[in-house]
Amino acid sequence: MRTTRLALAALAVTLAAGCSSGGDAAPEPEAAAPTGPVTLTYWTWAPNMDKIAQVWNAANPGITVTVSKQAGGDDAAAKFLTAAKAGNAPDLVQAEYQHLPSFVAADAVADLAADTAAVKGEYAEGLWGLVTLGTEGVYAIPQDSGPMMLYYRKDLFEKYKIDVPKTWDEYAEAARTVHEADPKVYLGSFSSKDPGWFAGLAQQAGAQWWSISGDSWKVGIDDAATTRVAEFWGGLVAEGVIDDQPYFTPEWNKALNDGTQLSWPSAVWGPGVLESNAPDGKGKWGVAPLPQWTAGENHSGFWGGSSTAVSSGSKNRAAALKFATWLNTDPAALDLLVKEAFVYPAAGKGQTALGDPPAYFAESQPDFWQQAATIGTTARGFTFGPNVGVTYNAYKDGFDKALKDKAPFATAVKSMQDATVADMQKSGFTMAG
Amino acid sequence: MFLAPAIVLFLLFFALPIGYTGYLSLRRTKVSGLGLGKGSRQEVWAGADNLTAAVADGELWAGWSRVVGYGALVLVVMLGLALLFALLLDSAHVRLARFARIAIFLPYAVPGVVASLLWGFLYLPSLTPIGGIDFLGATAVTFSMANVAVWGGTGFNMLVLYTNLRAIPRSYYEAARIDGASELAIALRVKIPLLVPAIVLTTVFSLIATVQVFTEPTTLRPFSNTISSTWSPLMKVYRDAFVTGDLYSAAATSLVIAAVSLVVSFGFLRVVRGRAFGEVR
């Protein structure tokens, strides 16, 4: 009797297991014309996206988009990859450019190349490259971009009698001047927790962390440009004239707010951060192009920026693409994106939707968007690889360790390169010698 | 046959996940070419590769050594305080016993993440009311984290010990008093020996919690340069699974952690068994 029960139990378990694996295989990810009304889920962390979806839903009764608000950043990417693996990914997902290759490599997002020829013209070539990864495929529709610029306290720059630095050498000089005048005050901070920030500065310097040649990947994270950027900041930190606390911590917020940090090399989405983290600075901050490596040059990089991808498991791929296209290229939608979600749209015509400066800058930098647009055209990016998660994690651990041990920053860059290459080799990617 | 529901539950929620973890630990992804495009990524057998790599990983063992230091601090201080408070509350002369009991227990009701954040804010140099110490510096950070765990865990352990104390017949104490024992002597000679099983129990719980330390370092990590993504073994599992996307290595490392915590807790029980439960081997 007892054994029968056991056998039954075992059978039940097998059945349960069988059912769940059967469920995984069920969704046929082939694009089919939607029949009848469909419902799409959309994972995003942009503010007020639910309001924008409501506008779409009102106009398109056949395709209802439900927004599921996510936490942003690397966690969101990990969550999406896990969901995709488990077979319950959302139809649409906000994908940061640096994570898109991991999504593609995990086969979690659909190739939209067949239906996006018309959209391509809306975007600058460099941006479009971020969603094609330099291949024939198109894996997402660009939504926003994050060209980098220098945010600085106009009033305090005057107080400490420093000019807006045009080159990184001038930046270093200014850092020394400020810190000498008041040891509690720093021109800025080096953040060992923000690999995206560092990647943007490396892009400005002309780095190419990943590249595809033929059928193989080339990893050049420890190239001359990146090493130069790392050593520059490492020198300033070692001198003690630049702070080394991570961005977005309460400590850093306080420093920005009370004027003990005077500048922040950041991206075009900076106003939102400043407004919430440094409310006392309203009307005191200005923007300028990033300092240059060589006087007279004019380059910037990208920090952040994201796209809208359609998951490969979506049963309503055509409908999802229709919404993604509307959201990121329709003038009315772009207007909403700017006003409600506070994004800097990637589509060329979206940038004309930018009128009034962010309230935070209304007094101190009324031409904020014009500045941003000018700087935006100078930004250059690079191809992101299929294991950015590994690289970014190695950044945090590597630079944390370098700061703790007071080691040269070039060692941290080397550790990023080694970790990235080792991971790709382990997975079996074809690597160029 | 009355065991059937239990067996089903055991298989479904215990054996199956562990079996699946074991299965995953034997797999890995194999990428061909650029790894983009369809079908370029496959799951293949890895044999024991993941397990040997997990065992051979220096970072994992460095993590263990950090956790041993942290755990020794937490165990000694937390259980020491818990025992002290329990004995004080149980002694005849204490005032405000109810209030003190609740006050000491209350931090246990605060979720670990919240506790770590609360303390994290107190540790940050520009926000802390206590100046002069870099709480998140390389040397102090272990103490700072242990402090959070002690703050949160003492109350619970105290309560376990205290309830056990209350269960001891009062007549023992009277007997001791008639023999001329002081309160201190009663505590040391009567109460503590009778408490040993409860102390063993709280130690095992705390040991397992220590092996699994994750919340405090993970929550404090964004505030500090001194906590790496693999500070504790469990953090390494999290990193492998969700940051670098290697579920298979994570599964292998989980198995290693499970083995270690099994060895540690059973090893401890074995060592103290004779004394704690009066069993004769």
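The values are calculated or read from the model by the stated rules, or taken from the named source; none is laboratory data. The structure presented is a predicted model; accordingly, all values stated were derived computationally and were not measured. Heads up, the Cβs are rebuilt from the backbone with ideal geometry, glycines too, and the neighbour counts pull from every protein chain shown. Please note that ligands, DNA and RNA were not included when accessible areas were found on the heavy atoms of the full protein model with its side chains. Shrake-Rupley method; radii C 1.70, N 1.55, O 1.52, S 1.80 Å.
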Exercise for the section: Estimate the FRET efficiency between residue B:189 and residue B:2 by the formula 1/(1 + (r/R0)^6), using the beta-carbon distance for r and 41 Å for R0, to the nearest 0.05. Expected result: 0.35
Fill in the blank from the handout: For the pair residue B:99 and residue B:130, the simple spin-label estimate (label points 7 Å beyond Cα toward Cβ) gives in nm 2.4 nm
Exercise for the section: When a/c is below 1.5 the answer is rounded, else prolate if a/b is larger than b/c, else oblate, so apply that to the protein assembly as shown with a ≥ b ≥ c taken from the square roots of the Cα gyration tensor eigenvalues. Expected result: oblate
Handout entry: Cβ-derived FRET efficiency at R0 25 Å, residue B:45 paired with residue B:204, nearest 0.05
Key = 0.10
Practice task
Run the dipole for the range A:191-294 about the Cα centre, Lys and Arg Cβ at +1, Asp and Glu Cβ at -1, nothing else charged, and hand back the magnitude in debye, nearest 20.
Solution key: 260 debye
Exercise for the section: Please report how far the C-alpha centroid of the range A:217-241 lies from that of the range B:7-71, rounded to the nearest whole angstrom. Expected result: 34 Å
Exercise for the section: Evaluate peptide A:101-112: per residue, the Cβ atoms of other protein chains within 10 Å of its Cβ; return the mean as an integer. Expected result: 3
Handout entry: Helix-only CD estimate at 222 nm, as mean residue ellipticity for chain A, using -39500 (n - 2.57) per DSSP H run (n ≥ 4)
Key = -14000 deg cm²/dmol
Handout entry: Centroid-to-centroid separation of the range A:330-407 and the range A:153-198 [C-alpha atoms, Å]
Key = 21 Å
Practice task
Would you give the gap between the C-alpha center of the range B:101-157 and the C-alpha center of the range B:215-238, rounded to a whole Å?
Solution key: 15 Å
Problem - Range of Cα positions in the range A:44-91 per principal axis (Å), largest first - result: 33, 23, 8
Handout entry: Distance in nm between pseudo-label sites at residue A:406 and residue B:13 (7 Å out along the Cβ direction from Cα)
Key = 5.4 nm
Handout entry: Compactness of the range A:112-195 as Cα Rg over 2.2 N^0.38 Å, two decimals
Key = 1.74
Exercise for the section: Determine the shape class of the range A:268-310: with a ≥ b ≥ c the square roots of the Cα gyration tensor eigenvalues, call it rounded for a/c under 1.5, and otherwise prolate if a/b is greater than b/c, oblate otherwise. Expected result: oblate
Problem - Chain-alone versus full-assembly comparison, the range A:188-217, residues with accessible loss of at least 50 Å² (1.4 Å probe) - result: A:193
Fill in the blank from the handout: note: the range A:348-433, Cα-Cα separations exceeding 19 Å make up a percent value of 62 percent
Fill in the blank from the handout: Taking every other residue with Cβ under 15 Å from the Cβ of residue A:297 and scoring Lys and Arg +1, Asp and Glu -1, one gets +1
Exercise for the section: Give me a single rounded figure for A:423-429: the average over its residues of other chain Cβ atoms within 10 Å of their Cβ. Expected result: 6
Practice task
Let me know the whole percent of all Cα-Cα pairs from the range A:65-159 that are separated by more than 20 Å.
Solution key: 47 percent
Handout entry: Simple label model, 7 Å out from Cα along Cβ direction - residue A:282 to residue B:167, nm
Key = 6.1 nm
Exercise for the section: Would you mind estimating how fast the range B:1-155 diffuses translationally, via Stokes-Einstein at 20 °C and 1.002 mPa s with the Kirkwood radius over Cα pairs, in µm²/s? Expected result: 103 µm²/s
Problem - Dimensionless Rg ratio for the range A:163-219, taking C-alpha atoms and the 2.2 N^0.38 Å reference - result: 1.63
Completion exercise
Rounded to a whole %, the carbon-and-sulfur portion of the accessible area of chain B at a 1.4 Å probe is 71 percent
Problem - Given charges at beta-carbon only (K, R positive; D, E negative), |dipole| of the protein assembly as shown in Debye - result: 2920 debye
Completion exercise
Per the charge dipole of chain A (beta-carbon charges, Lys/Arg positive, Asp/Glu negative, Cα centre), the residue among A:199, A:248, A:236 reaching farthest to the positive end is A:248
Exercise for the section: From the P(r) of the range B:43-277, can you give the percent of Cα pairs sitting at distances over 21 Å? Expected result: 64 percent
Completion exercise
The Kirkwood hydrodynamic radius of the range A:261-352, taken as the inverse of the mean 1/r over all distinct Cα pairs, in Å, comes to 16.1 Å
Exercise for the section: Just need the relative contact order of the range B:43-277 here, percent rounded to a whole number, with Cα pairs under 8 Å and 6+ apart. Expected result: 29 percent
Fill in the blank from the handout: Asked for the total accessible area buried by A and B (1.4 Å probe, Å², nearest 100), one would answer 3600 Å²
Exercise for the section: For each pair in A:79/B:30; A:161/A:284; A:322/A:349; A:218/A:426; A:315/B:236; A:193/B:38, compute the distance between the two Cα atoms and list the pairs where it is over 25 Å. Expected result: A:315/B:236; A:193/B:38
Handout entry: FRET E, pair residue A:59, residue A:418, Förster distance 51 Å, beta-carbon r, rounded to 0.05
Key = 0.50
